[in-house]
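Novice: Let me begin by handing over the structure; questions about it come next.
The values are calculated or read from the model by the stated rules, or taken from the named source; none is laboratory data. Note that the coordinates shown come from a computational prediction; the quantities given were computed from them, not determined experimentally. So basically every Cβ, Gly included, is an ideal-geometry build from the backbone, and we count neighbours across all protein chains shown.
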Amino acid sequence: MIKIIRTDSKNRDFNKLVTELDAYLKITDGDEHDFYNQFNGIDILNNVLVAYVNDELAGCGAFKEFESLSVEIKRMFTKPEMRGNGIASAILKALELWASELNYKACVLETGIRQKEAVAFYKKNDYKSITNYSQYVDMENSLCFKKII
């Protein structure tokens, strides 16, 4: 059974998961890791979800306001040994619901071309490719997505 809690970036379990996520991204991002990492600070995230399966830490996700009617999905991660059990989809749907409750109309996000599982995951969850936004405009290895919620 997946249990998801709403919290913020001060949550200790969220911070543990972000440490694991950053270690993974350092490998997949390669030479571009420092560029991407500067946009992944968690100190200002007020909308954070942490997921547990049978009381075991399983995954996380967050969002922050992007524009007045949209949020940017950030820090999505599921522990490797927990993948394939619907945890990431449950987290993403819960983030979309929370954003909708706060009157946002869309979610945007950026992921890397090298993160093939993430690209497939977002497409499976009805996110559509969009032109790279903001700091990702000139990044060849970035893919940006959007979903109306």
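Novice: Can you tell me which residue in the range 21-42 is farthest from GLU117 (Cα to Cα), limited to those that are at pLDDT 70 or above and surrounded by fewer than 15 Cβ atoms within 10 Å (Cβ to Cβ)?
Specialist: At the first step, the residues of the range 21-42 found to be at pLDDT 70 or above are 21-25.
Then drop every residue that is not surrounded by fewer than 15 Cβ atoms within 10 Å (Cβ to Cβ), which leaves 23-24.
Numbers: ALA23: 17, TYR24: 13 Å.
Here the residue is ALA23.
Novice: Considering LYS147, LYS74, LYS79, which residue is closer than 17 Å to ARG6 by Cα and either of a type in the set (A, V, I, L, M) or surrounded by 14 or more Cβ atoms within 10 Å (Cβ to Cβ) (or both)?
Specialist: Values: LYS147 fails: closer than 17 Å to ARG6 by Cα; LYS79 fails: closer than 17 Å to ARG6 by Cα.
Result of the check over LYS147, LYS74, LYS79: LYS74.
Novice: Return only the number of the condition from (1) modelled with pLDDT of 95 or more; (2) farther than 22 Å from VAL50 by Cβ that LEU109 does not satisfy.
Specialist: (2)
Novice: Still on this structure: Does LYS93 satisfy being modelled with pLDDT of 95 or more and either assigned to a helix (DSSP H, G or I) or out of contact with any strand residue (DSSP E or B) (no Cβ under 9 Å at 6 or more places or on another chain) (or both)?
Specialist: Details: modelled with pLDDT of 95 or more: yes; either assigned to a helix (DSSP H, G or I) or out of contact with any strand residue (DSSP E or B) (no Cβ under 9 Å at 6 or more places or on another chain) (or both): yes.
Yes.
Novice: Right, something else. Looking at (1) closer than 16 Å to LYS74 by Cα; (2) part of a helix (DSSP H, G or I), which is the one condition that is false for ALA120?
Specialist: Unmet condition: (1).
Novice: Can you tell me which residue is nearest to the chain's Cα centre (by Cα) among those in the range 1-22 that are assigned to a helix (DSSP H, G or I) and over 18 Å from ASN85 (Cβ atoms)? So that I can check it myself, show each step before the final result.
Specialist: Quick first cut of the range 1-22, residues assigned to a helix (DSSP H, G or I) only: 12-22.
Filter again for over 18 Å from ASN85 (Cβ atoms), leaving 12, 14-16, 18-19, 22.
Numbers: ARG12: 17, PHE14: 12, ASN15: 14, LYS16: 15, VAL18: 10, THR19: 14, ASP22: 12 Å.
So the residue we want is VAL18.
Novice: Given the criteria among the aliphatic types (A, V, I, L, M), surrounded by 20 or more Cβ atoms within 10 Å (Cβ to Cβ), touching a residue at least 60 places away in the same chain (Cβ under 8 Å) and under 26 Å from GLU56 (Cα atoms), does ILE91 qualify? If you could, list the steps in order and put the result at the bottom.
Specialist: Details: among the aliphatic types (A, V, I, L, M): yes; surrounded by 20 or more Cβ atoms within 10 Å (Cβ to Cβ): yes; touching a residue at least 60 places away in the same chain (Cβ under 8 Å): yes; under 26 Å from GLU56 (Cα atoms): yes.
Taking the combined requirement at face value, the residue satisfies it.
Novice: Which residues, counting only those in the range 66-88, are among the charged types (D, E, K, R), in contact with a helix residue (DSSP H, G or I) (Cβ under 9 Å, 6 or more places away or on another chain) and either free of Cβ contacts under 8 Å to residues at least 12 places away in the same chain or not in a strand (DSSP E or B) (or both)?
Specialist: Of everything in the range 66-88, those that are among the charged types (D, E, K, R), in contact with a helix residue (DSSP H, G or I) (Cβ under 9 Å, 6 or more places away or on another chain) and either free of Cβ contacts under 8 Å to residues at least 12 places away in the same chain or not in a strand (DSSP E or B) (or both) turn out to be LYS79, ARG83.
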